[in-house]
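One structure is given below, encoded as structure tokens.
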Amino acid sequence: MDAVEKDLEELPHRIAEEVERAGLMVALAESLTCGNLTGALGKGGDTGEWLSGGIVAYLTEIKQTVLGVSEGPVVSARCAEEMAAGAAKLFNADLAISTTGAGGPGSLEGQPAGTVFIGWSLHGETGSTGYSFDGDPAEVLKKTEAAALQKLYDLARKVTASRD
């Protein structure tokens, strides 16, 4: 088992513990990861206590009408942040994570394959991180899932650390 697979196996359990300690409700808005994050979090335990919902929004018009994403490229930091903010609002969550990007094999909106943006909204504050992952589409997807789960964990830890 490589490091990414190990993260995908262990992080849902660590996230479950951390978000419960932090008292957070979590939501997801997935494009690139196509629901895989929501499925992974289901392995974490007591999900019904802290996961308020998730949406797979692949089409640009769904991102815009359901999540409130503005006009413009969807393979962007702005889109990732707006997706996360939209999911937080839609699901009444304290913490939301989103994924968007060009999984490959070709480019999308002028962005090369492997270009990924993970957005978040934590108590109304948004942010994002951009990545450039190598590999075929399956590898890009796996790396995106691991990075998004790690970001979720890190943000939950930030909340618990601020309370300690």
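The values are calculated or read from the model by the stated rules, or taken from the named source; none is laboratory data. Bear in mind that the values here come from a model prediction, so they are computed numbers and not experimental data. All Cβ positions, even for glycine, are placed from backbone atoms using ideal geometry, and neighbour counts span all protein chains on display. Note: areas computed on protein heavy atoms with side chains; ligands, DNA, RNA excluded. Shrake-Rupley method; radii C 1.70, N 1.55, O 1.52, S 1.80 Å.
Tabulated values for the structure
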| quantity | calculated |
| --- | --- |
| Condition check for Thr99: hydroxyl-bearing (Ser, Thr, Tyr), open to solvent by less than 10 Å² (accessible area, probe 1.4 Å) and out of contact with any helix residue (DSSP H, G or I) (no Cβ under 8 Å at 6 or more places or on another chain) | no |
| Positions within the stretch 119-164 being in a strand (DSSP E or B), open to solvent by 60 Å² or more (accessible area, probe 1.4 Å) and touching a Leu at 6+ places or on another chain (Cβ under 9 Å), in sequence order | none |
| Qualifying residue in the stretch 56-74 (condition: more than 30 Å from Arg21 (Cβ to Cβ), assigned to a helix (DSSP H, G or I), open to solvent by 50 Å² or more (accessible area, probe 1.4 Å) and among the aliphatic types (A, V, I, L, M)) | yes |
| Hits in the stretch 20-37 - residues which are of a type outside the set (Asp, Glu) and in contact with an Asp or Glu (Cβ under 7 Å, 6 or more places away or on another chain) | Leu24, Met25, Thr33, Asn36, Leu37 |
| Condition met for Lys89 (without any contact (Cβ under 8 Å) to a residue 40 or more places away in the chain and open to solvent by less than 10 Å² (accessible area, probe 1.4 Å)) | no |
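Residue by residue, here is whether (1) under 18 Å from Ala87 (Cβ atoms); (2) open to solvent by less than 60 Å² (accessible area, probe 1.4 Å); (3) in contact with a Gly (Cβ under 7 Å, 6 or more places away or on another chain) holds:
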{"site": "Ala3", "(1), (2), (3)": "no, no, no"}
{"site": "Ile15", "(1), (2), (3)": "yes, yes, yes"}
{"site": "Arg21", "(1), (2), (3)": "no, no, no"}
{"site": "Met25", "(1), (2), (3)": "yes, no, no"}
{"site": "Leu28", "(1), (2), (3)": "yes, yes, yes"}
{"site": "Leu41", "(1), (2), (3)": "yes, yes, no"}
{"site": "Thr47", "(1), (2), (3)": "yes, yes, no"}
